Amino acid sequence: MRQVNVGIVGLGNVGTGTVTILVENEEQITAKLGFRLCVKAVCSLDADTKVLPPQLGDVFRTLDWREVVTHPDVDVVTELVGGTTVARQIIEGAIANHKSVVTANKELMALAGAEIWEKAIAAGINLAMEASVAGGIPIHAVLREGISGDRIVALYGILNGTTNYILTAMEERGESFEAVLSEAQRLGYAEANPSADVDGWDARSKLGILSALAFGEKITPEDIYTEGIRRIAQIDFQYAHRLGHTIRLLASARQTPDGVILSVRPALIPRQTILASVRGSYNAVWVRGKYGEDTFYYGRGAGSRPTGVAVVSDLMRVAREIRSGSPERVSPFAHERLGEYTPIPVTRQKRAYYLRFRVTDRPGIIAALAGILAEKHISLEAVLQVPCDTKNDLPFVITVEPTSEEAVREAVDRMSGLDFLLEPPLALPVEPGV
Ligand SMILES: NC(=O)c1ccc[n+]([C@@H]2O[C@H](COP(=O)([O-])OP(=O)(O)OC[C@H]3O[C@@H](n4cnc5c(N)ncnc54)[C@H](OP(=O)(O)O)[C@@H]3O)[C@@H](O)[C@H]2O)c1
């Protein structure tokens, strides 16, 4: 059978991992497919000088992505540039030239995936994006194929390896957020500007894609309440442990009778649950189906080779589909449109909450805080204080029984004006047994 030809735009982390796997594993890939997957063209800003594996031979090199998307011999364009501007032009350029597309771009697919898929379907080409969420975990294949017969009711994920590395290092070594972040930056696990990771934006893009796949709804990034981990302090782990919990940046999408509640935020999760055991830079996704109940997926969320495997596997699937003449017919972003999964604000969720305060110690503090909680009809569950000598910066925790997030936010707003508080209270939801 005739070989399928690939053009690769972007030769950074993922691009070089992809090229390495394609050449090193060529024999197996050919045996599995029954035909060759051949790299015909590569492009990056330094493609003319880039050192590439010699097995690639005299592959066409260019600095201009247009020469890849219009290359007459290229069947599939692999977009591994990232971002939402040039990457979009590359993908749309490939579609306009009737080339299939493989991408690892979470940011673009979260922002404009639905529109891009519509164009791909109209053009009768294939589009694949496995590597865009949770790098080496084949979660797209799971949602689109493995458990597609089920009806998803909830999805919980640890979708950002950098924040999980930081939180587990704080937990295990008792170090501060700042110390672990600068270590992660030194080791190359965190970017010089860590905002996309630590403020939750990266996980938000990934959750947007996963929940679109899981619920068949068009979900925009704005539908997802997002809060990062900057305010988590080492002391929070001590309190969380006392409560039998730990803290993770949890991406969650849950169906309620009124619609789907989506959030990326630090949350307390019980220590005995499987998600709590996800440590370091690993990612995990837990899916709950109406019929099949719970399934769990775990692996490397990033990295040149794990992500490269996802890209190469997508290339193999797309190549098979090209050879069998079977383009996508239904967009994974909006296959149901039944309206039952409409996103609703997180303020409508009911949860127990963990409220952590830093105060200048003096009499009447608990009474003042309890008074505000009572005003908002919130039932106090427990007050915890680990021994501490610093009376002018005293941390303690109040846990409250399940209540609406709206009530908790109103209470926190009211409390923020109290003069004994050194900073606004930190409010974290306590997730039941995910
Ligand atoms: N890194 C991961 O582990 C990971 C995991 C999952 C998904 N992803 C996604 O994969 C994509 C690529 O990430 P990455 O980490 O590989 O990025 P990267 O290391 O920054 O690589 C980007 C590549 O794109 C090239 N490039 C930039 N602008 C270009 C342009 N206008 N024309 C042609 N080439 C251009 C760069 O060229 P030069 O090298 O010449 O500058 C570089 O080769 C992103 O969407 C990212 O979100 C990454």
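The values are calculated or read from the model by the stated rules, or taken from the named source; none is laboratory data. Computed from a predicted structure; not experimentally measured. With ideal geometry, Cβ positions are generated from the backbone for all residues, glycine too; neighbour counts draw on all protein chains shown. With ligands, DNA and RNA removed, areas are computed over all heavy atoms of the protein, side chains included. Shrake-Rupley method; radii C 1.70, N 1.55, O 1.52, S 1.80 Å.
Pairs linking a residue in segment 375-401 that is farther than 18 Å from Gln238 by Cα to a residue that is β-branched (Val, Ile, Thr) and open to solvent by 50 Å² or more (accessible area, probe 1.4 Å), with Cβ atoms under 6 Å and 6 or more positions apart or on different chains, are Asn392/Thr360.
Strands (runs of 3 or more DSSP E) wholly in segment 40-157 with at least 1 residues that are of a type in the set (Lys, Arg) and within 16 Å of the ligand (Cβ to nearest atom) - which ones? Explain how you work it out, then say what you get.
Numbers: elements: 60-62, 76-79, 100-103.
Passing ranges, in order: 60-62.
Would you check if Thr85 is β-branched (Val, Ile, Thr) and open to solvent by 60 Å² or more (accessible area, probe 1.4 Å)? Answer is yes for this residue. Taking each residue of segment 411-423 that is more than 14 Å from Arg356 (Cα to Cα) and looking for partners that are open to solvent by 80 Å² or more (accessible area, probe 1.4 Å) and at pLDDT 95 or above with beta-carbon atoms closer than 8 Å, six or more apart or interchain, yields Arg414/Glu375.
Just the residues that are among the hydrophobic types (A, V, I, L, M, F, W, C) and surrounded by 20 or more Cβ atoms within 10 Å (Cβ to Cβ), please, taken from segment 190-200.
Step one: of segment 190-200, the residues among the hydrophobic types (A, V, I, L, M, F, W, C) are 190, 192, 196, 198.
Within segment 190-200, Ala190, Val198 meet the criteria.
Inside segment 142-189, residues that are out of contact with any Phe, Trp or Tyr (no Cβ under 6 Å at 6 or more places or on another chain) and open to solvent by 40 Å² or more (accessible area, probe 1.4 Å) make up a count of 19. Being under 19 Å from the mean Cα position of the chain (by Cα) and outside any helix (DSSP H, G or I), is that true of even one residue in segment 165-186? No, segment 165-186 contains no residue that is under 19 Å from the mean Cα position of the chain (by Cα) and outside any helix (DSSP H, G or I).
Residue pairs whose Cβ atoms lie under 8 Å apart, separated by 6 or more positions or on different chains, with the first residue in segment 35-48 and within 15 Å of Val14 (Cα to Cα) and the second aromatic (Phe, Trp, Tyr), are Val42/Phe60; Cys43/Trp65. Just one of the listed residues (Ala134, Ala122, Ala203, Ala212) is of a type outside the set (Val, Ile, Thr) and open to solvent by 10 Å² or more (accessible area, probe 1.4 Å), namely Ala122.
The residue pairs whose first member lies in segment 195-208 and is more than 10 Å from Gly228 (Cα to Cα), whose second member is within 13 Å of the ligand (Cβ to nearest atom) and among the basic types (Lys, Arg), and whose beta carbons are closer than 7 Å, counting only pairs six or more residues apart or on different chains, are Ser205/Lys106; Lys206/Lys106.
For (1) at pLDDT 95 or above; (2) assigned to a loop (DSSP other than H, G, I, E, B); (3) open to solvent by 60 Å² or more (accessible area, probe 1.4 Å), each residue gets a yes or a no:
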{"residue": "Val386", "(1), (2), (3)": "no, yes, no"}
{"residue": "Lys391", "(1), (2), (3)": "no, yes, yes"}
{"residue": "Val397", "(1), (2), (3)": "yes, no, no"}
{"residue": "Thr403", "(1), (2), (3)": "yes, no, no"}
{"residue": "Val408", "(1), (2), (3)": "yes, no, no"}
{"residue": "Arg414", "(1), (2), (3)": "yes, no, yes"}
{"residue": "Pro424", "(1), (2), (3)": "yes, yes, yes"}
{"residue": "Pro429", "(1), (2), (3)": "yes, no, no"}
{"residue": "Gly433", "(1), (2), (3)": "no, yes, no"}
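A Cβ distance below 6 Å, combined with a sequence gap of six or more or placement on separate chains, defines the contacts here; from segment 75-87, residues that are on the phi < 0 side of the Ramachandran plot and small (Gly, Ala, Ser) reach residues that are more than 7 Å from the ligand (Cβ to nearest atom) and part of a strand (DSSP E or B) in the pairs Ala87/Glu79. When the criteria are applied in full, Thr18 meets the requirement of being assigned to a helix (DSSP H, G or I), polar (S, T, N, Q), open to solvent by less than 10 Å² (accessible area, probe 1.4 Å) and in contact with a Leu (Cβ under 8 Å, 6 or more places away or on another chain).
For segment 251-264, residues that are under 30 Å from Gly188 (Cβ atoms) and either open to solvent by 10 Å² or more (accessible area, probe 1.4 Å) or in contact with a helix residue (DSSP H, G or I) (Cβ under 6 Å, 6 or more places away or on another chain) (or both) total 3. Just a yes or no: is a residue in segment 241-248 over 28 Å from Gly83 (Cβ atoms) and open to solvent by less than 10 Å² (accessible area, probe 1.4 Å)? Checked segment 241-248: at least one residue is over 28 Å from Gly83 (Cβ atoms) and open to solvent by less than 10 Å² (accessible area, probe 1.4 Å).
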